[in-house]
Structures are given as C-alpha cells and as structure tokens.
Amino acid sequence: MLIFPSWRKSAQKAKNYLASAEAITLLDAWIALGTMERPPRREDLKPEQFPALLPDLWLMEFEAETGQLRYRLEGEHIRARYDRSLVGRTLEETVAEEALPRVRHYFQACIETPAISMVIGRLYHEWRQPGYGERLLLPLMDGEGNAEGLIGITVYRETFPDRALAEQRAKRITCIVPLDGSEPIEEAS
C-alpha cells in the first residue's frame, strides 16, 4: 500500500494560497475525510457533507487503463458555463484545444504526482468572457493509495467582457502542491 505521510502538511501549504471560503471549506472537508496514511477515497465522499458547495463542485473518475479523467458529477454553476452537461465526458472533450496542454498539466498532476492543484485568478481564459476566481483540485485515492479520481471546486467571482480586459486586470497563478511534502510549484501567466 502506498502511503503519504506528509499529505496533511501539503494540504496546509495549499490552504495558504486559497482566498474563497468555499475552496477552504472543501479542502478542510477533504483533509477530515482522509486517514493518516492517505487522502480520502471516492467512497468517503457524501454530497450531504457539504451541501452549500454542491453548485460549484465537480467530480472526476480516473480511468487507469486509458489515463483519462471523466466527469461524474457537476454542480449547477459548473453546468451553466457549458452548452451541455460534462457528466460522462473526458477532460479532452470539454477544454478548448489551445488550453488543453496547460489544463491537462494541472489536472494530471493531481493523479500522477499526486498533488493538490489550484488556479487562482483568471479562469476560462480561452472563452469570449473569461472570469476571475479560484479552482481547487484534490486527488482521491483508493484503499491502496492509488489515484482513483479527483474532486474539484470552481468558485467564479467576476466575468470580464472580453479576453483583453481579463488579461489586463487579472493574472492567473497555477500552483501544484505535491503530497510528498516537497515545495509547491507556481506558474504565473
């Protein structure tokens, strides 16, 4: 069984980056649901544990045989950003082609490293009307410590009328906090 003795310390490092009460609440719930050896499993999560967060939550399953992440749950605020439901679709089917390498990087870090990933600032940059807010991705592990998916929250605070104004007013910081206790990796754009 894989164990992650420093995962809780890594979670505390991640907490220092977060500003929204919603993302902090999800991180705290995730920490509480884990064991000393590893983060929580998918089966440890119950939607009724955090009802106020449900509109902004999404859940993905990791398909080890294909290496893909597939959406299994989407909150109503997440659903409203897209022209159709994300449930059943892969990351590759939902992200703009120009953004896919950047987005895949921080989603896959949750699974492969494993790590906590965050995007703070500009969100949905490739869209006509980008936004400002916070995205938090948390890995879910099976009983053996292998990645089985992730839970995430996207807290959307403001919409910009166009990309140029979004770039002018808001940076985007991507931060990956490995669960092995090593230092966070930050990228600003």
Dimensions in Å of region 22-84 - Rg and Dmax from alpha carbons: 13.1, 41
Accessible area, 1.4 Å probe, largest first: how do Lys15, Lys46 sort? Lys46, Lys15
Under a point spin-label approximation (7 Å from Cα along Cα-to-Cβ), what is the Glu97-Glu43 distance to one decimal in nm? 4.2 nm
Pick out which of Leu18, Leu33, Leu137 has the largest mean-square fluctuation in a Gaussian network model of the chain, springs linking Cα atoms closer than 10 Å. Leu33
Candidates Phe62, Phe107, Phe50; GNM for the chain (alpha-carbon contacts under 10 Å) flags as most fluctuating Phe50
Could you give the nm distance between label points at His77 and Ser6, where each point is 7 Å from its Cα heading toward the beta carbon? 3.3 nm
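Tell me, what are the semi-axes, in whole angstrom and largest first, of the equivalent ellipsoid of the chain as set by the roots of 5 times the Cα gyration tensor eigenvalues? Kindly include the intermediate steps, with their values, before the conclusion.
Details: eigenvalues 127, 64, 51 Å².
Over the Cα atoms of the chain, the semi-axes work out to 25, 18, 16 Å.
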In order through region 10-25: 3J(HN,Hα) via Karplus (6.51 cos²θ - 1.76 cosθ + 1.60), integer Hz, x for Gly, Pro: 4, 4, 5, 4, 4, 4, 5, 8, 7, 10, 7, 4, 5, 5, 5, 4
Between Met141, Met36, Met118, which gets the highest mean-square fluctuation from a Gaussian network model of the chain, Cα cutoff 10 Å? Met36
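Once R0 is set to 30 Å, what does the formula 1/(1 + (r/R0)^6) return for the Cβ-Cβ distance between Ile173 and Glu65, expressed as a FRET efficiency to the nearest 0.05? Can you show the working numbers first?
Working: r = 33 Å, r/R0 = 1.11.
Once the sixth-power term is evaluated, E becomes 0.35.
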Points 7 angstrom from Cα along the Cβ direction at Asn16 and Met36: gap in nanometres? 2.6 nm
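The values are calculated or read from the model by the stated rules, or taken from the named source; none is laboratory data. All figures in this text were calculated on a predicted structure; none of them were measured in a lab. Every residue, glycine among them, receives a Cβ derived from its backbone with ideal geometry; neighbour counts consider all protein chains shown. Ligands, DNA and RNA are excluded from the accessible area calculation, which covers all protein heavy atoms including side chains. Shrake-Rupley method; radii C 1.70, N 1.55, O 1.52, S 1.80 Å.
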